[in-house]
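**Student:** Dropping a structure here in structure tokens format, bear with me for questions.
The values are calculated or read from the model by the stated rules, or taken from the named source; none is laboratory data. This is a predicted model, so every value here is computed, not measured. Glycine also receives a Cβ, built like all others from the backbone with ideal geometry; neighbour counts cover every protein chain displayed.
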Amino acid sequence: MKLIVGLGNPGSEYVGTRHNIGFDVVERFAEKLGWIRPGDFDRGAKSKFDGLTVDGVLNLSNGSDEKVLLLKPTTYMNVSGRSVQAAMAFYQIDKKDVLVILDDLALPCGKLRLRPSGSNGGHNGLRDIERALSSPAYPRLRIGIDPPPQFVPTRDYVLGKWTAEQKTKLAPAIDRACGAIVSWADYGVEKAMSLFNADENPTSR
């Protein structure tokens, strides 16, 4: 079983903000796979593990099936670890089978960076997950949101809305992230990294 965690903040005031890109990806993923009707994730999800969950089955290239749990923690970003830890404990999921999706200020808008582990890079959601799991050794998919403009506080920037220019890169980035999730679940992190960390759009899953 795989656990896909999209990081963000609950509440209508945070919808469409840069910090909620993780939420946007898991919602789009569930829609693309037909696990939920478009725009209906929150209403159709189950309330579990201090979060909202949707589950489904991926048909892998080797002919087998992989059960997948999508999780949007509703604890707010800074305490995301509680939700992740609860889901992992309930289903006995290993750290290598967890993929956390988040925003990254250090990457250009829309660029993906998949890694099998790493530092939290100052991201509060990753920091709390690392604390809860007592380890940084879990895969994460970072999605670039651009650095904040000069004199704009980081908090204001990540909680702000996308610019018109950024929006043109947003939908393709979310779709590529969905492809990266499938490749990670199907072929493993190394293969998915080789396909999706590059700038070009891969043609195969």
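**Student:** Does Y187 satisfy the criteria of being among the aromatic types (F, W, Y), at pLDDT 95 or above and under 17 Å from M77 (Cα atoms)?
**Tutor:** The answer is no for Y187.
**Student:** Next up: Only residues that are outside any helix (DSSP H, G or I) and exposed (fewer than 15 other Cβ atoms within 10 Å of the Cβ): list them for region 161-170, please.
**Tutor:** The answer is K161, T163.
**Student:** State all residues of region 4-53 that are more than 30 Å from P153 (Cα to Cα), under 16 Å from the mean Cα position of the chain (by Cα) and of a type in the set (F, W, Y); if no residue qualifies, say none.
**Tutor:** Selection gives F29, F41.
**Student:** I would also like to ask the following. Determine if region 116-130 includes at least one residue that is in contact with a helix residue (DSSP H, G or I) (Cβ under 9 Å, 6 or more places away or on another chain), touching a residue at least 60 places away in the same chain (Cβ under 8 Å) and farther than 23 Å from Y14 by Cα.
**Tutor:** Yes; the residues of region 116-130 include at least one that is in contact with a helix residue (DSSP H, G or I) (Cβ under 9 Å, 6 or more places away or on another chain), touching a residue at least 60 places away in the same chain (Cβ under 8 Å) and farther than 23 Å from Y14 by Cα.
**Student:** Could you please find all residues in region 103-139 being of a type outside the set (A, V, I, L, M) and not in a loop (DSSP other than H, G, I, E, B)?
**Tutor:** Scanning region 103-139 gives D103, D104, R113, R115, N124, G125, R127, D128, E130, R131.
**Student:** Considering only region 107-150, state which residues are in contact with a Cys (Cβ under 6 Å, 6 or more places away or on another chain) and on the phi > 0 side of the Ramachandran plot.
**Tutor:** D146
**Student:** State all residues of region 89-99 that are assigned to a helix (DSSP H, G or I), touching a residue at least 12 places away in the same chain (Cβ under 8 Å) and more than 16 Å from the chain's Cα centre (by Cα); if no residue qualifies, say none.
**Tutor:** F90, Y91
**Student:** Please find, within region 124-147, the residue that is nearest to G188 (Cα to Cα) out of those that are surrounded by fewer than 24 Cβ atoms within 10 Å (Cβ to Cβ) and touching an Asp or Glu at 6+ places or on another chain (Cβ under 8 Å).
**Tutor:** In this case the residue turns out to be P136.
**Student:** Do we find that R43 is of a type outside the set (S, T, Y) and exposed (fewer than 12 other Cβ atoms within 10 Å of the Cβ) in this structure?
**Tutor:** yes
**Student:** Pairs under 6 Å by beta carbon, first residue acidic (D, E) in region 1-28, partner at pLDDT 95 or above and surrounded by 18 or more Cβ atoms within 10 Å (Cβ to Cβ), six or more apart or different chains?
**Tutor:** Going by the 6 Å Cβ cut-off, the qualifying pairs are D24/I174; E27/F41.
**Student:** Would you confirm, using the coordinates I've provided, whether P149 is touching a residue at least 12 places away in the same chain (Cβ under 8 Å) and more than 18 Å from K2 (Cα to Cα)?
**Tutor:** In short, no.
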